[in-house]
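> Input: one structure, supplied below.
What follows draws every value from the coordinates through simple rules; no lab data is involved. Quick caveat: nothing in here was measured; it's all calculated off a predicted structure. Counting neighbours? That spans all protein chains shown, and the Cβs are built from the backbone with ideal geometry, glycine included.
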Amino acid sequence: MSTPSTADIFRDGLLRRNAGLVQLLGLCPLLAVSNSVVNGLGLGLATLFVLVCTNLIVSLLRGLLVTPLRIPVFVLIIAALVTVVELVLQAWFPALDRRLGIFVPLIVTNCTILARAEAFASRQPPLAAGLDGLATGAGFAAVLIALGALRELVGRGSLFAGMDLLFGEAAAGITLSLPVDGLLLAILPPGAFIGLGLMIAVFRWQQQRRDTSADTATTATPSRPTA
Amino acid sequence: MSTQAPLLRGLVALVIVAAVAALIVALTWRAAAPRIAENQRLLEQQQLAEVLPDVDFDNRLTEARLSLEGAAARTAGVDTAWIARRGIEPLGVILRAVAPDGYSGRIVLLLGVTQGGEVLGVRALEHRETPGLGDAIDIERSDWIRQFTGRSLDEPARADWTIRRDGGAFDGITGATITSRAVIRAVERALLYFEREGAALMHTPIPTDVDAPSDTSQSVEFSEPRP
Ligand SMILES: Cc1cc2nc3c(=O)[nH]c(=O)nc-3n(C[C@H](O)[C@H](O)[C@H](O)COP(=O)(O)O)c2cc1C
């Protein structure tokens, strides 16, 4: 497998096989945590960190990996990294940790991370693997943040509430509040499905428009199975 | 057997990864553990101080904890008390009360009470009420919970300890009648408990030994006279 160019890695991670919008991986944390921007950003950054580190480590170890034993190695790496992230959050960002609650440990179960380790990092040099982790994580975080913004805006009539949990007191002032009550549905679980559904629809529609205007049907990406 | 060598290589990788992962988690734990314990203590302290506004106590509340056992405490739904003192004189008590009948399960409350049984403050500590409806009991969402301040079993009269819609003296939360009723009942039950057991509670000796580990809590049993 040849190493793809940096531009291709980023186009893939952010758009063509975006974890949230195209592959629909990691939906559990995505749907559960995305009811505000700060929650989306917090979980997005934590996932991004775990993705980059896992990809780097897996790539460095790829000469030692053998087929029957690779999955336990991946799981061990991911579990250790997530534990470290959780401890760091508990120790240095306790307020954010209480908000994200159970979803930080659940990063372990985010299939995106295992999928990138298996499909990419175990066959590519460290630099490409690290960039792939960065691109995939950024793509996932972007969806989390966008969905968080949508749900917070519609559901609570505010934006960026609670950013001080992540960035300290200085960020407390950037909250925007509309003088309206939110539409409750948006912050309840069904709102997550509806919001993500709308985002996927808009994304697909945009892609289709671009594909047809480019008039080359050769780049159509087949949809991959979800896990 | 050509498969043996790679398998051995894979096993070596697995063992190395396991050892390094354990080491990194252990080192992170060592750095984080004191801060995590300190965060928990600070959080408890802050939550406790919030329900005793303007009380001039001078003891460390986190070390003045009593576990409440016995039938009276169980029926009242209170499980822990903290005694605020100035010198040896008790100034007030904080009770942790559980409303078992919230819309989505248990609602854990902290309430601060003066020696005379007047409520100084109530806060919802843990709950899973619906965002946008029942979560109005949360001080971060609304001021609803402040209406208990200054109340006691005589003010309003016992018959009025319910929401206005049921003929009582308290505001209900629109769309969260079940939550409102549960919280009001839990506060009332805790005050009834305090009326009966408060005096004994406040004069229970608490180890004031500074060297005592902070998590030693004493168990006391206040039981109703048996019929
Ligand atoms: C999605 C959903 C969430 C709800 N969440 C709460 C809640 O958190 N607290 C509550 O008391 N009632 C909740 N309810 C119940 C209704 O608001 C219920 O009608 C009301 O509490 C009962 O009071 P009523 O006698 O005014 O109808 C919820 C209902 C639905 C459909």
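> After finding the eigenvalues of the alpha carbon gyration tensor for the stretch A:6-211, what semi-axes result from the square roots of 5 times each, listed largest first in whole Å?
Sorted largest first and rounded, they come to 30, 21, 14 Å.
> Right, another one. From other protein chains only, count the Cβ atoms within 10 Å of every residue's Cβ in A:89-97, then give the mean.
The per-residue average across the peptide is 4.
> For the stretch B:138-166 and the stretch A:39-79, what is the centre-to-centre distance using only Cα atoms, to the nearest Å?
52 Å
> Provide a whole-number value for the mean count of partner chain Cβ atoms within 10 Å of the Cβ atoms in peptide A:177-188.
Counting other chains' Cβ atoms within 10 Å and averaging over A:177-188 gives 2.
> Measure nothing but the geometry: give the 0 to 90° angle between the long axis through the Cα atoms of B:177-202 and the longest principal axis through the Cα atoms of chain B, rounded to 10°.
With rounding to tens, the tilt is 80 degrees.
> Per residue of the stretch B:118-135, in order, report the coupling 6.51 cos²θ - 1.76 cosθ + 1.60 (Karplus, θ = phi - 60°) as ³J(HN,Hα) in whole Hz, putting x for Gly and Pro.
8, 6, 9, x, 10, 9, 7, 8, 9, 6, 10, 5, 4, x, x, 10, x, 6
> Give me the percent relative contact order of chain B, please, defined on Cα pairs under 8 angstrom at least 6 residues apart.
19 percent
> Now for a different question. Per residue of the protein assembly as shown, what 222 nm ellipticity follows from adding -39500 (n - 2.57) for every DSSP H run with n ≥ 4, rounded to the nearest 500?
-16000 deg cm²/dmol
> Right, another one. Could you order the peptides B:81-93, A:136-148, B:12-24 from most to least packed, using the average number of other C-beta atoms within 10 Å per residue?
The peptides rank, most packed first, as A:136-148, B:81-93, B:12-24.
> Let me ask something else about it. When you count, for each residue, the other Cβ atoms within 10 Å and take the mean per peptide, how do B:162-169, B:129-136, B:115-122 rank with the highest first?
Per-residue Cβ counts within 10 Å, averaged per peptide and sorted highest first, yield B:129-136, B:115-122, B:162-169.
> Bin width 10 Å, origin at 0, all Cα-Cα pairs of the protein assembly as shown: what percent of pairs per bin?
All Cα pairs, binned at 10 Å, distribute as 4, 17, 22, 21, 17, 11, 6, 2, 0 percent.
> Enter the angle in degrees (range 0 to 90, nearest 10) between the Cα long axis of helix B:4-50 and the first principal axis of the Cα atoms of chain B, meaning the one along which they spread out most.
20 degrees
> How would you rank B:S142, B:S180, A:S213, going from fewest to most other Cβ atoms within 10 Å of each one's own Cβ?
So the residues, fewest neighbours to most, are A:S213, B:S142, B:S180.
> Of A:L31, B:L191, how do they rank once you tally other Cβ atoms within 10 Å and put the fewest first?
Fewest to most other Cβ atoms nearby, the residues stand as A:L31, B:L191.
> Given Cβ point charges of +1 (Lys, Arg) and -1 (Asp, Glu) and nothing else, what value in debye, to the nearest 20, does the dipole of chain B about its Cα centre take?
Magnitude of the dipole: close to 800 debye.
> Continuing with this model, one more query. To make sure I understand, if each residue's beta carbon is the centre and we count other beta carbons within 10 Å, what order do B:Y193, B:Y103 fall in, fewest to most?
Neighbour counts put them in this order, fewest first: B:Y103, B:Y193.
> How long are the three semi-axes of the equivalent ellipsoid of the stretch B:61-221, in whole Å, if each is the root of 5 times an eigenvalue of the C-alpha gyration tensor, listed from largest down?
So the equivalent ellipsoid measures 28, 17, 14 Å along its semi-axes.
> Send over the Kirkwood Rh of the stretch B:24-90, from the inverse of the averaged 1/r over different Cα pairs, rounded to one decimal Å.
So the Kirkwood estimate lands at 14.3 Å.
> How crowded by other chains is B:125-138, given as the mean number of beta carbons from other chains within 10 Å of each beta carbon?
Average neighbour count from other chains, rounded to a whole number: 2.
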